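One structure is given here, and the rest of the page talks about it.
The values are calculated or read from the model by the stated rules, or taken from the named source; none is laboratory data. As the structure is a prediction and not an experimental result, all values here were calculated from the model. Because the Cβ atoms are built from the backbone with ideal geometry, glycine has one as well, and the counts that use them run over all protein chains shown.
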Amino acid sequence: MSTIQKDHVVTIHYILRDDDGDVIDASEAGEPMIYLHGHENIVPGLEKQLEGKKVGDKLTAVVEPEDGYGEPSVAELEPLPREAFPEDIEAGMQFMVEDDDGDLCPVWIVEFDDEVVHVDLDHPLAGVRLHFEVEIVEIRPATKEELAHGHVHGEHGHEH
Ligand code: ZN
């Protein structure tokens, strides 16, 4: 029986809660999440705890911020001009912007008006201890193409 290991495509159902037990995110019934194990498709703390599990296994994984979405940074960013963003933005959306060194880095929209967009360097879940409840649905070896791309293809994966 195959177990979760590097270069395998893993399908899971999950519920993600915070310390208060409030649900932050969850896979939908009939729409499990699929990812490529060992390629940082999911937060490292969860990936580590899924290693070696098999189909049908259920587990609770508690992931500290440093193995999840990181600790919140203290950096404050200048607001960016609204016209630098597409029409249909929402709070919580992620964008890649160039920093002062010309490197691309991810930012998240906090709020915006007609003039400016306030962004934050932190993932919205930075600093949050993550409580995952996971059920392993399927495990299969990745195809050569998937390994080359570093992500899953086909249903629920990348379409291209
Ligand atoms: Zn691809």
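A count restricted to the range 27-66 and to residues that are within 12 Å of the chain's Cα centre (by Cα) and among the aliphatic types (A, V, I, L, M) stands at 5.
Within the set E78, E71, E87, the sole residue that is among the acidic types (D, E), surrounded by 11 or more Cβ atoms within 10 Å (Cβ to Cβ) and within 29 Å of V119 (Cα to Cα) turns out to be E71. Going by the structure shown, is D103 farther than 20 Å from G38 by Cα and without any contact (Cβ under 8 Å) to a residue 12 or more places away in the chain? Considered against the rule, which asks whether it is farther than 20 Å from G38 by Cα and without any contact (Cβ under 8 Å) to a residue 12 or more places away in the chain, D103 comes out as yes. Report, by residue number, each residue of the range 122-145 that is among the small types (G, A, S) and under 19 Å from the mean Cα position of the chain (by Cα). A126, G127, listed by residue number.
Among the residues here, V110 qualifies as under 21 Å from the mean Cα position of the chain (by Cα) and farther than 27 Å from I34 by Cα. Selection within the range 1-46: residues that are among the hydroxyl-bearing types (S, T, Y) and in contact (Cβ under 8 Å) with a residue 40 or more places away in the chain. The member of this set that is nearest to L59 (Cα to Cα) is Y14.
Identify, from the list V117, V137, V107, V152, the residue that is touching a helix residue (DSSP H, G or I) at 6+ places or on another chain (Cβ under 9 Å) and under 27 Å from E64 (Cβ atoms). Selected residue: V152, the only one of V117, V137, V107, V152 that is touching a helix residue (DSSP H, G or I) at 6+ places or on another chain (Cβ under 9 Å) and under 27 Å from E64 (Cβ atoms). Does E133 satisfy the condition of being without any contact (Cβ under 8 Å) to a residue 24 or more places away in the chain, assigned by TED's automatic domain parsing to the domain that holds D22 and charged (D, E, K, R)? It is false that E133 is without any contact (Cβ under 8 Å) to a residue 24 or more places away in the chain, assigned by TED's automatic domain parsing to the domain that holds D22 and charged (D, E, K, R).
Among the residues of the range 146-160, just one is under 23 Å from T3 (Cβ atoms), among the charged types (D, E, K, R) and either at pLDDT below 85 or under 17 Å from the mean Cα position of the chain (by Cα) (or both), namely E155.
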